[in-house]
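Take a look at the structure below.
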Amino acid sequence: MENAPDFVIERLVTEEDRPAHIARHYVTVDEVATVVSGDYVAVPGRHDRYVVIGRTEEGRTFAVIVGPHNEPGTYGLVTARPASRSERALYQRILEGGERDD
């Protein structure tokens, strides 16, 4: 997994059914908003999607899956869940370990 350094979410579109869907994973839309507006690591996923890994203010680490939308910088929320052990390790290695490419 490699970080997609040029990946920026300028606008996140959340369809009507997404809050209930991510709630099944014990994630809220507010937590997703915190992740995508903060420091995150983005890696390419399947089906032209991205896995965005980030932390909330409470210290929870989530994997937010987004797909490209109609305009550049605009992505649609597919799902969100607690990050896996390997995703948490990647996040820590890149953002907390000083390997950031500013």
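Part of a loop (DSSP other than H, G, I, E, B) and either at positive phi or modelled with pLDDT under 95 (or both) - does that describe any residue in region 18-27?
yes
Go over the candidates 14, 61 one by one and state the one that is hydroxyl-bearing (Ser, Thr, Tyr) and without any contact (Cβ under 8 Å) to a residue 60 or more places away in the chain.
From the options 14, 61, the qualifying one is 61.
Sort out which residues of region 1-31 are in contact with a helix residue (DSSP H, G or I) (Cβ under 7 Å, 6 or more places away or on another chain) and under 16 Å from residue 91 (Cα atoms), and write them in order of number.
Once the filter is applied, which keeps residues that are in contact with a helix residue (DSSP H, G or I) (Cβ under 7 Å, 6 or more places away or on another chain) and under 16 Å from residue 91 (Cα atoms), region 1-31 yields 1, 3.
Run down 26, 40, 50 and say which single residue is loosely packed, with under 14 Cβ neighbours inside 10 Å, of a type in the set (Ser, Thr, Tyr) and in contact with a strand residue (DSSP E or B) (Cβ under 9 Å, 6 or more places away or on another chain).
26
Which pairs do you get when a residue that is at negative phi, found in region 78-100, comes within reach of a residue that is modelled with pLDDT of 95 or more and surrounded by fewer than 16 Cβ atoms within 10 Å (Cβ to Cβ), reach meaning Cβ atoms under 8 angstrom, with the pair 6+ apart or on two chains?
Cβ pairs passing all conditions: 78/67; 79/21; 79/25; 80/25; 81/25; 82/25; 82/26; 82/60.
Within region 60-71, can one find any residue that is farther than 17 Å from residue 95 by Cβ and loosely packed, with under 12 Cβ neighbours inside 10 Å?
yes
Right, residue 21: loosely packed, with under 14 Cβ neighbours inside 10 Å and out of contact with any Asp or Glu (no Cβ under 6 Å at 6 or more places or on another chain) or not?
Details: loosely packed, with under 14 Cβ neighbours inside 10 Å: no; out of contact with any Asp or Glu (no Cβ under 6 Å at 6 or more places or on another chain): yes.
Here the answer is no, as residue 21 does not meet what is asked.
The values are calculated or read from the model by the stated rules, or taken from the named source; none is laboratory data. Being a predicted model, the structure only gives us computed values, none of them experimental. Methodologically, a virtual Cβ is constructed for each residue, glycine included, from the backbone with ideal geometry; neighbour enumeration extends over all protein chains shown.
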